[in-house]
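The values are calculated or read from the model by the stated rules, or taken from the named source; none is laboratory data. This one's a predicted model, so the numbers in the text were calculated from it and none came from an experiment. Neighbour counts run over all protein chains shown; Cβ positions are idealised from the backbone, glycine included. Accessible surface is based on the protein model in full, side chains and every heavy atom, while ligands, DNA and RNA are left aside. Shrake-Rupley method; radii C 1.70, N 1.55, O 1.52, S 1.80 Å.
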Amino acid sequence: MAHETWTIKKLLNVTSEYLKSKQIDNPRLAAEILLAHQLNVSRINLYLNFEQPLNSREIAGYRELIRRRVRHEPLQYITGTQEFWSLDFVVTPFVLIPRPETELLVELGMERIEKMALAPNLSPRILDLCTGCGAIAVAMAKVHPSAEIWATDISPGAIEVARLNAERHGVAERIRFMEGDLWEPFSDQGGNFDLILSNPPYVASEQYAGLPPEVREYEPRLALDGGRGGMEFIARIIRGALSHMAPGAWLMLEMAPEQTNKALALLGSVKGYREKARFKDYSHNYRVVTARKAEE
């Protein structure tokens, strides 16, 4: 067996079957992504070089990556990257892995900023609350080059990763990163944001144990656990946002589908919000709740 020649094709076939036997999701895709990562090539390059033999160092490195995946470590933490808004973001266990549904926040935020009647000499002021890896803040900075952007997180590790991603995409000088719990970094400031976006922790504490092992055992609980019913941070954001919003500003929150009605009811109980609505993601699940601060 030690003298057997392993080609890319043969190794992928054997590994796919192995991952399938271990009940790993999308075993062929995982096998390809990890081999491409090990060889530092694109996945298409694997197909163009199916018969390429691999040396012992490459095989040993690949086997270690596969061992990590079999232990349910997410692919994104193994490779260190995740795509969001067609941009590659560095991800580490300090941050939540960006999900495709969060792109809806960027899309809705982009639409609102474009429709705002700001004075010609004023730049829109945007806050990304609970920034994590910085995906929302960086995406908004790329979409709106004139915007002034703040990004906050309670985790110092997350702030470091977010800064790294801002530098990676050439927008670090346009984003102010601040460490603290929700509104804490702005305790001495008045309200002046035109748009507040947030993907806060919203997994219900009572449901945490039932999460897939990739999430439960590897992603930071600090970025996931939203307390009883998953509404703790959503409620704190809704109750505190108005004092940090300019007249006519928008608040946009991502959450679980079953939380959207509760969030709309809470918005209705707080004087000062209008134009309350919820929006479906591309899987047709309600995902984002929005509201506007009344004009003064």
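Exposure check, 1.4 Å probe, all protein chains in place: VAL171 carries approximately 10 Å² of accessible surface. Only DSSP H runs of four or more residues enter the estimate; each adds -39500 (n - 2.57), and after division by the residues of the chain the mean residue ellipticity at 222 nm equals -11000 deg cm²/dmol. A viscosity of 1.306 mPa s and a temperature of 10 °C, combined with the Kirkwood radius over C-alpha pairs in the Stokes-Einstein formula, give segment 141-226 a diffusion coefficient of 107 µm²/s.
Which label belongs to the value computed from this structure, given these candidates for mean projected area of the Cα convex hull in nm²: [x] 14.2; [y] 17.2; [z] 16.1? The calculated read-out lines up with [y]. For the chain, a Gaussian network of Cα nodes joined below 10 Å ranks PHE94, PHE193, PHE279 by mean-square fluctuation, and the top entry is PHE279. The local environment of ARG68, defined by Cβ-Cβ distances under 13 Å, has a net charge of +1 under the rule Lys, Arg +1 and Asp, Glu -1. Residue order by solvent-accessible surface for TYR282, TYR18 is TYR282, TYR18, largest first, with ligands and nucleic acids left out and a 1.4 Å probe. LYS22 sits with roughly 100 Å² accessible to a 1.4 Å probe, with DNA, RNA and ligands left out of the calculation. For the listed residue pairs LYS142/LYS276; LYS142/LYS293; LYS20/LYS280, the alpha carbons are over 30 angstrom apart in LYS20/LYS280.
Between ILE196 and LEU127, TRP250, LEU251, MET252, the built amide H atoms are under 5 Å apart, and every one of these is 5 or more places off in sequence or on another chain.
If only the Cβ of Lys and Arg carry +1 and only the Cβ of Asp and Glu carry -1, the dipole of the chain around its Cα centre is close to 500 debye.
For segment 231-245 versus segment 56-132, the inter-centroid distance based on Cα atoms is 24 Å.
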